[in-house]
1. Going through His103, His109 one at a time, which residue ends up being open to solvent by 10 Å² or more (accessible area, probe 1.4 Å) and either within 19 Å of Gly191 (Cα to Cα) or modelled with pLDDT of 95 or more (or both)?
2. Any residue in the stretch 270-288 that's under 10 Å from Gly308 (Cα atoms) and in contact (Cβ under 8 Å) with a residue 12 or more places away in the chain: show its pairings with residues that are open to solvent by 40 Å² or more (accessible area, probe 1.4 Å) and in a loop (DSSP other than H, G, I, E, B) at Cβ separation under 6 Å, as long as the two are six or more apart or on different chains.
3. If I ask for residues that are part of a loop (DSSP other than H, G, I, E, B), at pLDDT 65 or above and either among the hydrophobic types (A, V, I, L, M, F, W, C) or open to solvent by 30 Å² or more (accessible area, probe 1.4 Å) (or both), which ones from the stretch 269-302 would you list?
4. Check Arg316 against each of (1) farther than 21 Å from His41 by Cβ; (2) modelled with pLDDT of 90 or more; (3) exposed (fewer than 14 other Cβ atoms within 10 Å of the Cβ); (4) not aliphatic (A, V, I, L, M) and name the one condition it does not meet.
5. Within the stretch 128-146, can you find the residues that are assigned to a helix (DSSP H, G or I) and surrounded by fewer than 22 Cβ atoms within 10 Å (Cβ to Cβ)?
6. Among the residues of the stretch 229-261, write down those that are farther than 30 Å from Pro203 by Cβ and β-branched (Val, Ile, Thr).
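The values are calculated or read from the model by the stated rules, or taken from the named source; none is laboratory data. Note that this is a predicted model, so its numbers are computed, not measured. Here the Cβ positions follow ideal geometry from the backbone for every residue, glycine too, while neighbour counts run over all protein chains shown. Please note that ligands, DNA and RNA were not included when accessible areas were found on the heavy atoms of the full protein model with its side chains. Shrake-Rupley method; radii C 1.70, N 1.55, O 1.52, S 1.80 Å.
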Amino acid sequence: MPVVAVVGAQWGDEGKGHIIDALASQARLVVRYGGGNNAGHTVVNDRGTFKLHLVPSGIFDPSIVNVIGHGVVIDPQALMKEIEGLEERGISTAKLFISERAHVVMPYHVLQDKLQEEGGGKIGTTGRGIGPAYADKMFRIGIRAGDLVHEQTLLNRLRVVLEEKNRLLTRLYGVQPLQLHETYLRYLEFGRKLADHITNVHPIIQRALEKDFPLLLEGAQGALLDIDHGTYPYVTSSAPGAAGACQGAGIGPTRLNSVIGVCKGYTTRVGDGPFPTETGGDEADVLRQIGTPWAEVGTTTGRLRRVGWFDAVMTR
């Protein structure tokens with residue numbers, strides 16, 4: 001297996017986790033390239049059933065190096081909980097590396113996400129701060145994973161951005177401001193706990209390419225949720241397709257040997273937005289029950305997914 005990207009060909013929730021878990025056994029390096037903990041992969045193997053949100057699916061093989069790429073936005077509390085859950089079940093995370101350039105989901109991102117959803121422009125996000133984190137990345141005021149392990153850098157950057165965010169939270173939304181000291185100490189502690197994983201992942205990935213190691217690029221969501229090519233504005237905040245795989249992993253497009261698009265025999269989506277083949281009532285219940293043993297409940301949100309018949313036009 002050369003360099004392979006696995007992408008969703010619908011609105012996500014196609015079962016990519018199963019495909020990635022199967023292919024990961026043939027890889028030497030698995031890179032999660034985009035999204036955040038607004039997505040989830042349910043992996044079933046001989047060790048049990050696991051729900052992953054940020055950790056790449058190659059984590060179950062101790063010989064595989066797993067990378068959370070710089071295209072991902074990371075909620076450090078969610079990531080630590082996931083790591084701890086894996087370790088408690090005997091899954092080593094010693095070969096898990098986090099790009100120092102990956103952006104961090106901050107508490108004001110989560111607040112902003114939820115407050116925006118309560119307003120008139122509801123999109124149906126997971127409320128986990130993913131969109132606002134990506135927005136700050138593009139606005140060049142984001143906090144990155146590497147900042148968490150440098151006390152002065154974190155303080156300097158957080159002081160500036162928190163002043164601006166508190167003006168937004170208090171004047172526009174009328175909620176209490178976040179405290180600099182409390183937020184700083186909390187995220188400094190996250191950095192301390194994740195320090196062994198945070199690094200410059202570029203040499204790791206480039207070395208694997210130079211040695212022609214089998215490399216798997218793991219995505220989240222699906223093509224119809226792409227920020228540019230999806231059903232805008234009811235989309236995610238990243239590029240879930242093959243182009244996003246290259247960008248989020250730091251790999252030139254000419255190094256990508258193949259792309260595997262995953263779809264299922266019917267269609268689902270979580271959140272608001274157009275859905276031409278959507279069905280309801282008893283018909284929807286039948287699709288949910290025969291389609292998957294966990295009845296089409298979102299891995300991350302726990303929300304019952306909207307279901308419909310296979311849409312060949314959209315998938316094509």
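1. His103
2. none
3. Within the stretch 269-302, Val270, Asp272, Pro274, Phe275, Pro276, Thr277, Gly280 qualify.
4. The single condition Arg316 does not satisfy is (2).
5. If the condition is that a residue be assigned to a helix (DSSP H, G or I) and surrounded by fewer than 22 Cβ atoms within 10 Å (Cβ to Cβ), then Ala135, Lys137, Met138, Phe139, Gly146 are the ones that fit.
6. Across the stretch 229-261, the qualifying residues are Thr231, Val235.
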